[in-house]
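**Student:** Take this structure first; my questions come after.
The values are calculated or read from the model by the stated rules, or taken from the named source; none is laboratory data. Keep in mind it's a predicted model, so treat the numbers as computed, not measured. Cβ: placed from backbone, ideal geometry, glycine included. Neighbour counts: every protein chain shown. Accessible surface is based on the protein model in full, side chains and every heavy atom, while ligands, DNA and RNA are left aside. Shrake-Rupley method; radii C 1.70, N 1.55, O 1.52, S 1.80 Å.
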Amino acid sequence: MGKVLETALFWHRLGVSTIPIGYMSKQPRIKWLQYTEQVPTENDLQNWFASDQMNIGIITGWQNLCILDFDEMDVFLKWMRWAVETGGKAKMVATQARMHLSARGVHVYILCENAVNTKLPKIDVLAKRKYALLPPSVHPSGVPYKVYREGLPMPVASLYDVLPRQLLHDAIAPRPVITP
């Protein structure tokens, strides 16, 4: 069995959808939105991932899967220091949650029921109906995605457990409407 199929079956056992992505691409090879509502069958996975010359994407929202996508390594390292110093769930996620190296940064895997897709400075929260590449995919730049830490996504009650309050507050607070 190839590595891509092995990865797809790992997530399938956890009840999470994966989809085929073109090799060295971020573009799905199928119409993927239906897999935000249904998990593909094992037969689908075997057909899609028969070759390792295919990237694999994981769809967020399944089983409350959420990915903290750090776009730059220095932002991730700064978050790690904050999380360890903060303690509690933040420290548990920083020291135990599944993590993958992307072409530029790190994906941190959590389970969070009330998470919403959020764009923060150099951090994307992928919570519902989004997808991200999984190892052993190869980024369009030629950089392979790699497992940074094995394990499962870490459950948290709220994004406030794992991200600085002010950062989240600034991102989701309603903006005042200015009228002339």
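**Student:** Among the listed residues ASN55, ASN43, identify the single one that is at pLDDT 95 or above and open to solvent by 60 Å² or more (accessible area, probe 1.4 Å).
**Tutor:** So the residue among ASN55, ASN43 that is at pLDDT 95 or above and open to solvent by 60 Å² or more (accessible area, probe 1.4 Å) is ASN43.
**Student:** Please verify whether VAL39 is of a type outside the set (D, E, K, R), touching a strand residue (DSSP E or B) at 6+ places or on another chain (Cβ under 8 Å) and either in contact (Cβ under 8 Å) with a residue 24 or more places away in the chain or not in a loop (DSSP other than H, G, I, E, B) (or both), treating the condition exactly as stated.
**Tutor:** no
**Student:** A follow-up question, please. Across segment 159-180, what is the number of residues that are more than 16 Å from LEU126 (Cβ to Cβ) and modelled with pLDDT of 90 or more?
**Tutor:** Qualifying residue count, segment 159-180: 3.
**Student:** Given the residues THR86, THR95, THR18, which is the only one that is touching a strand residue (DSSP E or B) at 6+ places or on another chain (Cβ under 7 Å) and either more than 21 Å from VAL156 (Cα to Cα) or among the polar types (S, T, N, Q) (or both)?
**Tutor:** Of the residues listed, the single one that is touching a strand residue (DSSP E or B) at 6+ places or on another chain (Cβ under 7 Å) and either more than 21 Å from VAL156 (Cα to Cα) or among the polar types (S, T, N, Q) (or both) is THR18.
**Student:** Could you go through segment 131-152 and let me know if any residue there is at pLDDT 95 or above and at positive phi.
**Tutor:** Yes.
**Student:** Applying the selection to segment 108-143, what residues are within 10 Å of the chain's Cα centre (by Cα) and of a type in the set (Asp, Glu)?
**Tutor:** ASP124
**Student:** While we're looking at this one, here's another question. Can TYR160 be described as open to solvent by 20 Å² or more (accessible area, probe 1.4 Å), assigned to a strand (DSSP E or B) and farther than 22 Å from PHE49 by Cα? Walk me through it before giving the result.
**Tutor:** Working: open to solvent by 20 Å² or more (accessible area, probe 1.4 Å): yes; assigned to a strand (DSSP E or B): no; farther than 22 Å from PHE49 by Cα: yes.
It is false that TYR160 is open to solvent by 20 Å² or more (accessible area, probe 1.4 Å), assigned to a strand (DSSP E or B) and farther than 22 Å from PHE49 by Cα.
**Student:** Go through (1) crowded, with 20+ Cβ neighbours inside 10 Å; (2) under 19 Å from the mean Cα position of the chain (by Cα) one by one and return the number of the condition GLN34 breaks.
**Tutor:** Failing condition for GLN34: (1).
**Student:** Got at least one residue in segment 73-96 being more than 23 Å from GLY151 (Cα to Cα) and in contact with a Lys or Arg (Cβ under 8 Å, 6 or more places away or on another chain)?
**Tutor:** no
Per-residue answers, yes or no, for (1) over 30 Å from LYS31 (Cβ atoms); (2) part of a helix (DSSP H, G or I); (3) not aliphatic (A, V, I, L, M):
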| site | (1), (2), (3) |
| --- | --- |
| ALA115 | no, no, no |
| VAL125 | no, no, no |
| PRO136 | no, no, yes |
| TYR148 | yes, no, yes |
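**Student:** Just the residues that are surrounded by fewer than 17 Cβ atoms within 10 Å (Cβ to Cβ) and either without any contact (Cβ under 8 Å) to a residue 60 or more places away in the chain or part of a strand (DSSP E or B) (or both), please, taken from segment 13-27.
**Tutor:** ARG13, GLY15, GLY22, GLN27
**Student:** Can we say PHE10 is open to solvent by 50 Å² or more (accessible area, probe 1.4 Å) and hydrophobic (A, V, I, L, M, F, W, C)? Lay out the reasoning, then the answer.
**Tutor:** Values: open to solvent by 50 Å² or more (accessible area, probe 1.4 Å): yes; hydrophobic (A, V, I, L, M, F, W, C): yes.
When the stated conditions are applied, PHE10 passes them.
**Student:** Could you look through segment 91-112, keep only residues that are touching a residue at least 24 places away in the same chain (Cβ under 8 Å) and of a type in the set (D, E, K, R), and pick out the one that is surrounded by the fewest Cβ atoms within 10 Å (Cβ to Cβ)?
**Tutor:** ARG104
**Student:** Residue check, THR86 against (1) hydroxyl-bearing (Ser, Thr, Tyr); (2) open to solvent by 60 Å² or more (accessible area, probe 1.4 Å); (3) closer than 24 Å to TYR23 by Cα, all met but one. Which one?
**Tutor:** Condition (3) is where THR86 drops out.
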